[in-house]
Amino acid sequence: MNFNTDTDASTDTDASTGPDASTNPNASDASTDPGASIDPDAYTDADTDPDALTDTGTGTDSLDSDCSIEITAFAHDLAYDDAILHEEPILPSEHCDSDVSESESDASGDSPGIHLPDYDSNLDINAGFFETPEVLDNLRDQLLGGYKPPDECPPDIKTGMDIDKLSLDEKISLEHFIAWKKSNGTVKAYDMHAKVLATHTNATILTLYQARKLAIKLTGFHATKADMCPKSCIAYTGKYEHLDKCPYKTSAGPICDTPRYHKSPNGIKKPIAQVQILPIMDTVRALYANAETSSEMRNRDSCLKQVLHLVATAANNPHMINEIASDPNAETVSQPAPVRQYSDYGDGQIHQMQYEHLGLFKDPRDVAFALSTDGAQLTMKKQSNTWLLIFIILNLSANIRYGEQVAVNLATPGPFSPGDIESFLWITFVDMAKASEGLWMYDAVDSSYFLNRAVISLALGDMLGSAKINGMAGHMAIFGDRYSMVQAARSSLVKGSKALYYPSNPPQNSTYNPNRSKYDLNNLPLRTQSQYWKIIQKLEDAQTKKEKTNIVKATGISRLPLCAVSKAFIHPSYFPIDPFHLFYENEALFIWDLWTTISDTNDIVHFRHAAKFGALIPEAMKTLPPAFCGPVRDPYLKRQCKYKIYEWMALIHWYIIPIGVELGMHPAVLKNFSQFVEIIEFAMTNAKRTDADLCYLQELIIKFLLGFEKLYVGEDPEKINRMRLCIFQLIHVPNHIRWNGSIRLGSQATVERSIGEMGRKIRSKKAPFANLANLIYEKELIKILCLYYPTLDINRKQKSDSETVLKPIQQHKIYKKYNPMTPVIEKELASISVLLKQAIISGGNVQYSRWGKLKLLNGHVLSSRSTQAKNKAQRQSFWFEVCLTCTILFE
Ligand SMILES: [Zn+2]
C-alpha cells in the first residue's frame, strides 16, 4: 500500500502521513535542489511555496531574516495517550466540560442514580427530531440578529466583470502581484522584478501597497477583527461583547481579570489584543463568479440527485435489491440492479437526510461546509499555541476540495490555546447564520444573480479539538462514547476507581459493575437527535449545579454547543471520528503498549521479541522506495519520541504481521491483530461501499472485538482496562461510512497540512502571529482575486496548456553492476501487473530507464532516495522504474 501515490484523497492525507518537513532529514537537501520545488515530501504545498526553507528575505511585514520557526502540531495527542495510560484526566483543567466529568469520578463508576431522561429504546427515535429546545432557538435568533435576505439582489454584488475597467498598467501590476505572492516572494523581490518589468514594457508598476489596495478594492475582501484577552482566554464576542475585563475562570485558578484595553495618555482606549476572522462566504461568492469553479460547486448536487434516483428506483422495485442481497446469481435478475454505495459526503445518508428531512439544499448551488479545527505550537524562544479553523467545501468533489480550495477562517494568536473557543468562532457563526438564510451572489454559469444558502454540515476535530466544540462530557465520562449510550465499566473494586472501559462481556460483571447493562455489539443503543434535544432542555432547566452535574453524568452531554445552531446539525453524526488519530495514534499505539509495557512475560499477548522486532524495522526500511514514506524508526526504542502517524501506518500495514510471524509471536494474537489490520484497510480505502460490504465489515469488527476481549482480558476482571474507548469505537466505523462515505472524510489531515504550510511561511520572529494572520489573509485574497479575474493568474494559463502525461525528471544511468537486478525487477513488475490486473510488459522484454523523479498526474512528485539524499545514499533503493507505455489509473 502506497500512502503517497494513492487515489485522489491522498491530497488530503499525504501531508500528515508524510514526514514533518521540520524533522525530515531530507528536507534541507531538497530545498537546495533545483528540482525540489515540487517535492511532496519536503513541502506539502510546494507549488506556492518553493523557497520557504531557503528564502531568508523579508515578507510584507518588517521581518527578521534568520529566524527559524518550527511549527509542531499535535503534541497534545501524545499527551492524551499518556494520560489515558496513567488513567488521569488530561483535558486542560480550565475546560468547562472536563470539570464535570472529573468531578463525577467520585461516584466510583457504579453510577448511582443514573437515569436517562425519558430514554426508552422502544420509542420512535425520530419522534422529537424537530422539537428543538428553546435555548437553541434563542441562540439562533441572537446570531441572526434579525437578518433577512433582501427580496431583490443588491446592486453591489461582485461579479469579476469589471476587469475591462482596469488600465493595462493595473492589469500588469496585478499579474505581477499575484505571481509574487504565489511564489512567496520578499518585498525586495517584488520591487526588483517590478523594475525589470517596467524597464521592458514601459508600464508603470504599482507599488506593493497600491497593488494590494487595488486587489482588496476589486474583491471587496475584508477581514474582521475582534478584541480578545491577551492571554487567549476569550474573544470579546457574544455574551462577552461589552465587557472591559476578561471574565474567564479556570476551574482551579482565579478569574483572569486581564483588561481589554490599553489606555493611552490622551484617554483613547485601544484593544490590547485582537484576532482576525475572514469572511468565508466571500470565498464562496468568488467561486460562483468563476465559471469553472461554479460548475465544480455543483458536484454535491449531482451526487445527491444520483442517490435520490437510486433510492426512488429501489423503492419502485422493492424486490430488486433484496434479490441481489439474497442471491447475487439469481436468474430472475436480468440486469444488474442499482445498489446504493457510500463513498463520500455527497452520496452518504447524512446528506440525503439533510435534504429530505431538514429541507436543505433545495437549490443545486446551496453549500455544505465541513469545519475543522486543530491546535499547533509555534516553537520559538518560548512556546506559543495557536488554533486554526478551516472550512472544507463539500460541494467540490473529493479530489479538489482539499487542496487550494480549503479556506482558513482564523488562527488564534497565542501565547495560549483559547479558553472558550466558541467565543472565537462566534463571528463566523454570525456570518453562517446569515448565510443559511441566504446571501445574493452572481453565478457565472447561468450569468444570473441568485440567493445562495450555506450551512456547516460537519465539524471535525481530533479527540481534544472535538471536545472543545461538541459539548460532550468527553472520554472520561461514564457515558464517554460520543455515538452510543453505552455505559463505561470499571476494572477495579478500589473505592474511587473510574468507569472508563468498554467491554462487551466482562468477567465477574455483577461484582465489578453491578449496574451496568449487557450490550449487544450488533444492536447498541445509539444516541439520537430527539433524545439529545431533551437532554439539552433538561440541562437548561436544571436549577442547581448538582442537578446539572447529575444530568451530565447520566448522559455524557454537558452543554449546548455553538455548532448545534447549524441548520444541518444532526446528533451524533455531526462530529465524526478522526480516523488517523483513532486508528494509528490511539489504537495502534495502545496495542503496541499492550504487547510490550502493559503486559508481563506470563501474559499470552506479551511480545517477547519486541526489541528484536524494533531493531529489524530500520533494516526493513532500507529496501523501501523513499517516496512511500519517511523513515520509520525502531518502535521499541522510539515509541516515546513523537512516534508519528505514518510510522504506525507502516508498522500496521507492512511490518508487524510478516516480522511477527518470523519472530514467533503468538498465533492467536497475530490472527486477532490481522483482523484489526483488515478493518483499518477496509475503512481507509476510498472504495465505494454497499450495505452488504458494510455488513461484512461490521461482522469483522465484532469478531475482532470479541476475540480481543477474550485474549487480552480473558477471565481477569481487572484486565477490562484493556477494553478502552478507542478500541470500542471501531464498532462505529460502518455507521460512519453510511453517514458520510469514506471514513477519511473525518480526517484532520487537511487542517494539519494547513498548519504546516502556514507555519513554514512564517518569517517574523518578533511578531509570528501577526505574520501568520497576514499570510492567511493574503492567501485568501489572492485566491479570491484569481477566481474573479482568472486571466490575471499567469500560473493558470500555463497549467491549461500543459499536457496531462507522466513526465519523468532526472534520468540516471544504469551501471553494469546493477544488471543482475534485472530478474528481480521483472518479478516486481509481474507482481505489480497482478495487482493492477493489467499487463505492464508486452513481449516479456523489460525496457526500463532509471529516473530520479516522476511527476504524477495529481501533481505529486515521486522522487528516489538517491535524489533526496544527494550523495549520502543511506538506503539501498537508488531508483525507481517507470514504464510509460502502460496507463496507471489514479482514481
Ligand atoms: Zn483572560
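In region 381-389, the count of residues that are under 18 Å from Ile280 (Cα atoms) and modelled with pLDDT of 90 or more is one or more. Filtering region 156-174 for residues that are touching a strand residue (DSSP E or B) at 6+ places or on another chain (Cβ under 8 Å), of a type in the set (Lys, Arg) and either modelled with pLDDT of 95 or more or surrounded by fewer than 16 Cβ atoms within 10 Å (Cβ to Cβ) (or both) leaves an empty set.
Could you list all residues from region 277-308 that are β-branched (Val, Ile, Thr) and closer than 24 Å to Leu389 by Cβ?
Start the filter on region 277-308 by keeping residues that are β-branched (Val, Ile, Thr), which leaves 277, 280, 283-284, 293, 307.
Of everything in region 277-308, those that are β-branched (Val, Ile, Thr) and closer than 24 Å to Leu389 by Cβ turn out to be Ile277, Ile280, Thr283, Val284, Thr293.
Identify, from the list Ser530, Ser492, the residue that is open to solvent by less than 30 Å² (accessible area, probe 1.4 Å) and not in a loop (DSSP other than H, G, I, E, B). Walk me through how you get there before you give the answer.
Details: Ser492 fails: not in a loop (DSSP other than H, G, I, E, B).
None of the others qualify; the one that does is Ser530.
Of everything listed in (1) open to solvent by 50 Å² or more (accessible area, probe 1.4 Å); (2) away from the ligand (no atom under 16 Å from the Cβ); (3) closer than 30 Å to Phe429 by Cβ, the single unmet condition for Lys182 is (3). Here Glu292 clears all of (1) farther than 24 Å from Leu787 by Cα; (2) surrounded by fewer than 16 Cβ atoms within 10 Å (Cβ to Cβ) except the condition numbered (1).
Each residue in region 219-232 was checked for being open to solvent by 90 Å² or more (accessible area, probe 1.4 Å) and either within 10 Å of the ligand (Cβ to nearest atom) or within 18 Å of Asn385 (Cα to Cα) (or both), and 1 of them qualify. Mind checking whether some residue in region 365-375 is away from the ligand (no atom under 16 Å from the Cβ), assigned to a loop (DSSP other than H, G, I, E, B) and under 24 Å from Ala454 (Cβ atoms)? Checked region 365-375: at least one residue is away from the ligand (no atom under 16 Å from the Cβ), assigned to a loop (DSSP other than H, G, I, E, B) and under 24 Å from Ala454 (Cβ atoms).
Of all the listed residues (Ile234, Ile268), the sole one being among the β-branched types (Val, Ile, Thr) and over 23 Å from Leu562 (Cα atoms) is Ile268.
For residues in region 378-412 being of a type in the set (Ser, Thr, Tyr) and either free of Cβ contacts under 8 Å to residues at least 40 places away in the same chain or away from the ligand (no atom under 16 Å from the Cβ) (or both), which is surrounded by the most Cβ atoms within 10 Å (Cβ to Cβ)?
First, the residues of region 378-412 that are of a type in the set (Ser, Thr, Tyr): 379, 384, 386, 397, 402, 412.
From what is left, the residues that are either free of Cβ contacts under 8 Å to residues at least 40 places away in the same chain or away from the ligand (no atom under 16 Å from the Cβ) (or both) are 379, 386, 397, 402.
Numbers: Thr379: 16, Thr386: 27, Ser397: 16, Tyr402: 25.
Selected residue: Thr386.
Among the numbered conditions (1) more than 15 Å from the ligand (Cβ to nearest atom); (2) crowded, with 16+ Cβ neighbours inside 10 Å; (3) at pLDDT below 95, the only one that Ile280 does not meet is (3). Here is the figure for region 638-678: residues that are within 27 Å of Gln698 (Cβ to Cβ) and under 20 Å from the mean Cα position of the chain (by Cα) total 3.
Does Leu616 satisfy the criteria of being closer than 27 Å to Met723 by Cα and part of a helix (DSSP H, G or I)? When the stated conditions are applied, Leu616 does not pass them. Before we move on, is Lys195 open to solvent by 60 Å² or more (accessible area, probe 1.4 Å), within 16 Å of the ligand (Cβ to nearest atom) and assigned to a helix (DSSP H, G or I)? So Lys195 does not fit the description; no. The residues of region 233-264 that are near the ligand (Cβ under 10 Å from one of its atoms), part of a strand (DSSP E or B) and not β-branched (Val, Ile, Thr), listed by number, are Lys245, Lys249, Pro259. Tally the residues that are free of Cβ contacts under 8 Å to residues at least 40 places away in the same chain, assigned to a loop (DSSP other than H, G, I, E, B) and not acidic (Asp, Glu), restricting the search to region 413-457. Going through region 413-457 one residue at a time, the tally reaches 1. Criterion applied to Leu730, Leu705 was being in contact with a Ser or Thr (Cβ under 8 Å, 6 or more places away or on another chain) and either over 30 Å from Leu594 (Cα atoms) or not aromatic (Phe, Trp, Tyr) (or both), and the one residue passing it is Leu705.
The values are calculated or read from the model by the stated rules, or taken from the named source; none is laboratory data. Since this is a predicted model, take the numbers as computed values, not measurements. For neighbour counting, all protein chains shown are included, and Cβ atoms are generated from backbone atoms with ideal geometry for every residue, glycine included. For the accessible areas, the whole protein counts, side chains as well, though only heavy atoms, and no ligand, DNA or RNA atoms are used. Shrake-Rupley method; radii C 1.70, N 1.55, O 1.52, S 1.80 Å.
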